[in-house]
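Read through the structure below, which is laid out as structure tokens, and then see the notes.
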Amino acid sequence: MKEPSRKSRWERRTQAPLLVLAVAFAVAYAVPIVAPDASRAVQRACTHAEWVVWAAFAVDYLVRLCLAGDRRVFVRTHWLDLAAVVLPLVQPLRLLRLVATLMLVGRRARMAPQIRLTTYVAGAVVGLLMFGSLAVLSVERDAPNGNIRNLGDAVWWSFTTMTTVGYGDHSPTTGLGRVLAVGLMLSGIALLGVVTANIAAWFISRFERDDRAEQAQTAAITELTEEVRALRAEVALLRGAAGSAPGPAGAPAREDRDRDRDTGGQGLPPVAAASAPTP
């Protein structure tokens, strides 16, 4: 059994702590938006928590980069990890930083492919609904002509936007809010496509499995039929060989015994035996 590398051991040991930090980051991101009247101490604590989580992910990325065999390949194949570290330096992209952090945790999770896909879809739906609502609320709440003023309006808008229903009772009025709306609509369409493709793939795999089982049964029946035919031919050959074989030593063959019975035991043909004189 191949011993896991130091990088694999590090990723396995840090998976659970990073998940806890990601949840803490989500809470620290949501509290100032849901409760804008919170004290400055609470807001400062949330800000510090966000930066602590960023520092933890930055250290994790640097450690894995040092443990990687080919660092160029690691940077090229782990661009999402790098984005989770770089995005905090651009303050207007805080939502993207949150999405990158959550996707990074999902990527680090070690699960079966089917369970991972289901987890990704469910987590993406919940995450987009929650944090899309928080993002649009933070942008639109103080807009002069905005109509998304509380969390309930934001959640309702996220549902109607992500499902591409678009009732129009709530809509963003700022440029950044509309950009968020476009991203949420595209994400909803993409997730719907993933769910549809997953269901279709499940049905196709089920039909293919049934076809393989039916083909196996047909092949077994064909093979059994050929064996029965071979056995019949062998039995016919054995019967023919038994009918033409001579009797035991000193005993006449079956045809001779029948002829003797018909001729009265004189070995003559039936006509000659009938015309022979009586002694």
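The values are calculated or read from the model by the stated rules, or taken from the named source; none is laboratory data. Keep in mind that what you see is a predicted model, and the values were worked out from it rather than measured. Positions of Cβ are generated from backbone atoms using ideal geometry, with glycine treated the same way; all protein chains shown enter the neighbour counts. With ligands, DNA and RNA removed, areas are computed over all heavy atoms of the protein, side chains included. Shrake-Rupley method; radii C 1.70, N 1.55, O 1.52, S 1.80 Å.
If you take the beta carbon distance between Ala122 and Thr225 as r and set R0 to 45 Å, what does 1/(1 + (r/R0)^6) give as a FRET efficiency, to the nearest 0.05? Walk me through the intermediate numbers first.
Numbers: r = 51 Å, r/R0 = 1.12.
The value I calculate is 0.35.
Report Arg9's accessible area, 1.4 Å probe, all protein chains in place, as a number in Å² to the nearest 10.
Accessible surface of Arg9 is approximately 70 Å².
Measure off 7 Å from each Cα along the Cα-to-Cβ vector at Arg13 and Arg178, then give the distance between these two points in nanometres to one decimal.
Computed distance between label sites Arg13 and Arg178 equals 5.2 nm.
Between Arg141 and Met185, what length comes free when the chain is fully extended (0.36 nm per residue of separation minus the Cα-Cα distance, one decimal in nm)?
Values: separation 44, 0.36 × 44 = 15.84 nm, distance 2.04 nm.
Separation in residues times 0.36 nm, less the Cα-Cα distance, equals 13.8 nm.
Which order, highest average first, do 195-208, 15-28 follow once you tally other Cβ atoms within 10 Å for each residue and take the mean per peptide?
On the way: 195-208: 10.6, 15-28: 16.1.
Per-residue mean Cβ counts within 10 Å order the peptides as 15-28, 195-208.
Leaving out ligands and nucleic acids, and using a 1.4 Å probe, what accessible area per residue does the range 188-237 come to in Å²?
On the way: 4230 Å² over 50 residues.
The answer is 85 Å² per residue.
Starting from the residue with the highest accessible area, list Asp153, Asp211, Asp81 in decreasing order, probe 1.4 Å.
Details: Asp153 35, Asp211 75, Asp81 5 Å².
Largest accessible area first, the list is Asp211, Asp153, Asp81.
Order 56-64, 157-165, 31-39 from most to least packed using the mean count of other Cβ atoms within 10 Å.
Values: 56-64: 17.3, 157-165: 19.0, 31-39: 13.4.
Descending packing order for the listed peptides: 157-165, 56-64, 31-39.
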